[in-house]
Structure formats: C-alpha cells, structure tokens
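Worksheet: the structure to be examined is printed underneath.
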Amino acid sequence: MPARPRPRLLLVLAVVLLGAGGGFLALRKVERPAPYVPPPYSPPPRRTNAAEGPNLLLVTLDTTRADRLGCFGNGLVATPRLDALAASGAKFEGAFCPMPETDPSHASMLTGLEPGRHGVLENGWRLLPERTTLAEVLRAAGYTTYGAVSVEHLGTKTGFHQGFDVFDAEFEGHQREGGDTLALVRTWLDDVASRPFFLWIHWFDAHRDVGAKPPRYRPPEAYLPDARTERLYEERSLPAEVARYDAQLRYLDRLLGDLLDELGRRGALRNTVVAVVADHGETLHELVDRFEYGYTHGDYLYDHQVRVPFLLAGPGIPAGKVIREQVRVFDLFPTALAALGLEARIPEGLDGASLLPLVRGEPWQDLPVFLRSDIRTKYRNTHEAALRQGGKKLILSREIPAEFFDLATDPEERRNLLAAGAAPPEAEPMRERLRAWLARGLAIEEQEIDPDLRKALEALGYLQARPERSK
Ligand SMILES: [Zn+2]
C-alpha cells in the first residue's frame, strides 16, 4: 500500500492541478470547435447519357511520403487499409510528383500535364478554364462528378472545381479535418452509389506537424504516439516529429478504410476503379544539418519530397502487381480513362502516358521524370530542377553545385558523384536534356494570387518570407 499523502501536500497538489486543469480547460474551450455539420446536399440532375463503365474514386493524400507507409516498407506504422488496397491491385514503387507543392501537383494529376504546361507554378495560382480536366472529360462521358477538398487553395478560387457537378471547398478556416471531409462525403454516398460516378476526395491531414496545428485539425488523440511509440522511434534515431507524422498517416489509413467500407456497403465498390496518390512528400529530418531545413516541402527535389505512393485497384487491374519502373502522378489522367474503357476520350498532347500496358506487363519504355521546385519565394540555396532517368538523378540549383546520384547504389542521395571529381558520362547529356525541358516552361504567365488566398496560404505556413542565405 502506498503511504497516504499528507493533507497539506494534497491541498497543494489539488490547487496546482485545478489551476493547470482550469487553464487547460479554458484553452480547450476557446480552441475546441463546434461539431462539424456538413452542408445540406442537393443532388445534381440525372443525365440521360449515363456511362456504363466502372466508377472512379480518386483519393489524394496531401504531403504523404511513399516510404512512410506500411506497404512501401515502413515497419513502424500500421496502414492496413492502404496495404490491402495495394495487394488487391497495382502498387507503383517509383511514382513521382512533378513539383513538391499542392496546387501544381494536383493540377498535373487532374490535367495530365506538367506544371510548365498547365501553368500552375505556385500554390494559389489558378488552373485556367481553358485547361481540360479529368472531371470535365468524365462528365462529358456521362459520369456524375463529385469533388471534396480539405484546403482552401485547392478550391474554387484556384479553379479546381472545374468539371464537378458537386464540389465542396467551403469550410470554416483555411482547411478541413479529414474526418469532417469524410462526414461531408458520407451525405453524398447514397446518391453517388446509384449513378456512374467520379468522386475525388482530398485529405490534408498529413500536412504539418501535429504540434503546429490548432486542435481541430489534429487526428484524434488515440492516433497520436504514446511514450512507448516515441521510444521505438528514438531507438531508430528518428525524431518524435517522425512518429507524429506517421501517426497522421495511420489516421489517413483509417479514413480511407471507412470510405471504402461505406462504398462497399452500398454495393458500389466492386465496380469502382480506386486510385490513391499523394501530391508530394515531405522532408522530415534529412536536411536539418545541411540546409537548416526542417519539416516541410517545396524547395528540394530529393526523393523524400517527390516520391509518392500511387495505388490503383479495381476492375481490369491485376492484383498483387508491384511496378518498379518510374512513373509520374500526371500519368494518372490517361491511366484512369484507359482503366474506365475511355481511351478514345484521352485528350491529344498530354504529358502523361497510360500506365495500363505497364500494369499488364506489356513492353514498356522507361519514362523520364522531370522535377521542378518553387524557386521564387524560398531560400536561394534550393534546388531548381532535376531529371531522373535510367537509375540516375541530376539536380541543378542556382547557388549550390549540381548534384548527380546513382540511385541504385545510393537511394538516399548522399554521395554527389560530381563532387567526387570524375563526372559520370551520363551527367552532361542529362544536363542538356534538363535545360532544354526547363526552357519549355518559360512562356507561362506569372499570376497574381488572390489577396484573401494569400493570407490563407500564409496562415498555413506557405509564402512566408524566408532568410536568404549565401551558401
Ligand atoms: Zn500538398
């Protein structure tokens, strides 16, 4: 039996606890939001030219690194629903975004074009109405199209709603918690399941460290790492922020599972092509020593910022397929149309290619991966552009020396072979190819960001003035 605490000590303890608890409660009272109430749903009119092909569900996971998910090799966090989806279809081990930023990358997925061609080179820039989106093509093919996003800069102000019969980007604040986005989509599901549909849901929950978010945008407490989990990460020399990041992925896995279950209960899942992809990855701890650069994305083109998960499952997609060839997120547009049996509707002149032949094991020619960063608003010593081809990667920057990596022997991109003195024979031809590609995008017109959206982006941690460093 523990000794009984002395009354006086008990009193002191009670006062301290009450004080702390009172403060905590007051804090929670101010910050805790009212429960989310989805807006009323009004179904769009029925079409007579209803499509007969499978449905399409597109899930975009913001800020999700491939290598932090269970099915891509992270043994520290359970992502059973993503893993099961990967096992039931095709898993692309080498999928890359063209630019590690939300709007440019999403615009690429939705148009099949590289940022240099669709023109969205920064968060907050508009996807112009003259671009043709996946939603527009599917709507013209008879699909009813639904979109729900979780951050303001993927909304109507930036033109991401084009082609959607039902689109929701209305929420208090600048973002929406993933469970709230799912609650909204739930109100659509009975109607969705009764029509040929394209449903795009975007979840923002992996963006930023848990500690940097107001409580309403954090995953439920049960998902956050406990002391034992943190110790597990510490033993592997991983900072606590990585444990918190992984926890957010675990929560996203749960949300995805709930969505799939809801569609399954309505009998819609078996006739649905499901694509899960991320817009970009995240630097977690890799660049702190080298560039004083912590938990964010957009500025460096190492694989941890640009390699993303990409899963495709459903009718016509063979199960258990692991694809090691490199692909790009903008290949999604023609791939999705091909998977729905709508090859004839793939627009001419896309940068993306249908990945179905690759999925089916047909002859395939390696695709180049061109990468660009946002170089206007950030540090000067960031990457500018990169080319990944033939297992090699060349990165060009404005103020740091060019880098060249042999990805087969150095997947973490630590040994710059150009710094070692002897230039590998591939380096010069790759540099010429990359320079020529970069020159292609220079006709894009600079856009003014909507002033309200600029404030929103600043509140989310974007567009902040950053110190210029000379080295
Ligand atoms: Zn993003």
**Report entry** Cα-Cα separations in the stretch 55-367 greater than 32 Å, expressed as whole percent
**Finding:** 21
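Ala439 to Trp364: FRET efficiency via 1/(1 + (r/R0)^6), r the Cβ-Cβ distance, R0 25 Å, to the nearest 0.05?
Working: r = 28 Å, r/R0 = 1.12.
Computed FRET efficiency for Ala439 and Trp364: 0.35.
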Query raised in the report: Once the other residues with Cβ under 15 Å from the Cβ of Phe404 are scored (Lys, Arg +1; Asp, Glu -1), what is the net sum?
Result: -2
Query raised in the report: Between their Cα atoms, which of Lys213/Lys392; Lys157/Lys392; Lys91/Lys393; Lys213/Lys455; Lys157/Lys393 are more than 27 Å away from each other?
Result: Lys213/Lys392; Lys157/Lys392; Lys157/Lys393
Report task. Using per-residue counts of other Cβ atoms within 10 Å, averaged over each peptide, order 136-148, 285-297, 100-112 from highest down. Result -> 100-112, 136-148, 285-297
Query raised in the report: Local charge sum around His106 (other residues, Cβ-Cβ under 10 Å, Lys/Arg +1, Asp/Glu -1)?
Result: -4
Query - Most to least packed among 39-50, 411-422 [average Cβ atoms within 10 Å] - result: 411-422, 39-50
Report task. Restricting to the chain, compute how many DSSP beta bridges are antiparallel as a %, nearest 5. Result -> 45
Requested in this report: Obtain the nm distance between the two label points defined at Tyr36 and His285 by a simple spin-label model: each point lies 7 Å from its Cα along the Cα-to-C-beta direction.
Outcome: 3.0
**Report entry** Beta bridge orientation in the stretch 383-459: antiparallel %, DSSP, nearest 5
**Finding:** 100
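What is the gain in length, in nm to one decimal, between Ala240 and Glu448 on full extension, counting 0.36 nm per residue of separation less the C-alpha to C-alpha distance?
Residue separation times 0.36 nm, minus the Cα-Cα distance, leaves 71.1 nm.
Readers should treat all values here as calculations from the given coordinates under stated rules, not as data from a laboratory. Note that this is a predicted model, so its numbers are computed, not measured. Glycine gets a Cβ as well: all are built from the backbone with ideal geometry, and neighbour counts include every protein chain shown.
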